[in-house]
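Read the structure below first, then the notes.
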Amino acid sequence: GGFLDRLQVGKGSLLAPQRQLRAVNGVSLTIAPGEVFALVGESGCGKSTVAKTIARIYEPTSGEIRIDGEDVSRLPFRAMLPVRRKLQMIFQDPYASLDPRQRVRDIVMEPRLAQGGRLSRRELQDEAVALLAKVGLNAEQANRYPHQFSGGQRQRIGIARALSVRPTLIIADEPVSALDVSIQAQILNLMKDLRDEFRLSYLFVSHDLSVAHHIADRIGVMYLGFMVETASRDQLFREPKHPYTRVLLSAAPTLDKSNPGTKIEIRGEVPSALRLPSGCCFRTRCPLAFDRCAVERPALKPQADGSAVACHLHDRTDTERMIP
Ligand code: SF4
Ligand code: MG
């Protein structure tokens, strides 16, 4: 099988068919093999929508999703089967995502069987045990049921299940948010080890910047359905450029104290995604907004250091303002 070459969701909008409409606009991202890309932002910013659209849990209304160069955004369900092998999901709630009536060994092998794998009972058992060993669980535990495990252990089971089909990309939607802080680092470290061992890429969705800092190579910051900044992790934390990113960083309580991150006060409520402000999506809360922000929507522009920012203050053709 091939590897994940490039993955892009972009050009146009992805609209989730939910009661609560979550529009995502022109979000474009590429994940390299072996890379951890974290999508961050407040709840409702559209980061889960992007993840679930890439996983084809939601249908995109427009745009494209390329895996190994192939646009999979319009593939009919049956043609998605080989794509599903490359692309597995880990969910936020390890309680809800594991069938309570199944033994762990069967849960773990379920994606493999869904791929039409023909395996004897013995082979299934052996493979399940081998997968569980990769996530730190033993052979005896393979015969138990989900309720017999802690939250952290259940997330380990969810990870083993995802690994059963040897995916190239794992989409993890808030995978440690439901866990105690003391357990979070263990699971993140496990995911990093598995990334190296299986040469996995992750699309990692988190509202928690300290979690993103722990695991991500690159980070995309979303606000109201727009990507407002993408940067390497170190670049983003050292020199956040978008005013919203700076707000997020100054609000994050668990960050390294050595990060100077200029304090910026945020004001007002997040506007409804159904009534987007004209111009910049962040302008109703941005302390640095100026005239142009109300009339022109800033595009995500590549910067000299490899990051990209959607803000008129970082538009290099703009000479009317200097970055404060
Ligand atoms: Fe603030 Fe204007 Fe930049 Fe938007 S474009 S983030 S309103 S300064
Ligand atoms: Mg979410």
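Remarks
- Verdict on Leu132 being aliphatic (A, V, I, L, M) and at pLDDT 95 or above: yes
- Residue, nearest to ligand 2 (Cβ to nearest atom), within the stretch 195-208, restricted to residues that are more than 20 Å from Ser43 (Cβ to Cβ) and out of contact with any helix residue (DSSP H, G or I) (no Cβ under 7 Å at 6 or more places or on another chain): Ser201
- Scanning the stretch 111-122 for residues that are in a helix (DSSP H, G or I) and hydrophobic (A, V, I, L, M, F, W, C) gives Leu113, Ala114.
- Unique match (being surrounded by fewer than 21 Cβ atoms within 10 Å (Cβ to Cβ) and modelled with pLDDT of 65 or more) among Gly12, Gly63, Gly1, Gly44: Gly44
- Evaluation of His207 against (1) within 16 Å of ligand 1 (Cβ to nearest atom); (2) assigned by TED's automatic domain parsing to the domain that holds Ala160 (one fails), failing number: (1)
The values are calculated or read from the model by the stated rules, or taken from the named source; none is laboratory data. What you see is a predicted model, and the numbers here were worked out from it, not measured in a lab. No Cβ is skipped: glycine too gets one built from the backbone with ideal geometry, and neighbour counts run over all protein chains shown.
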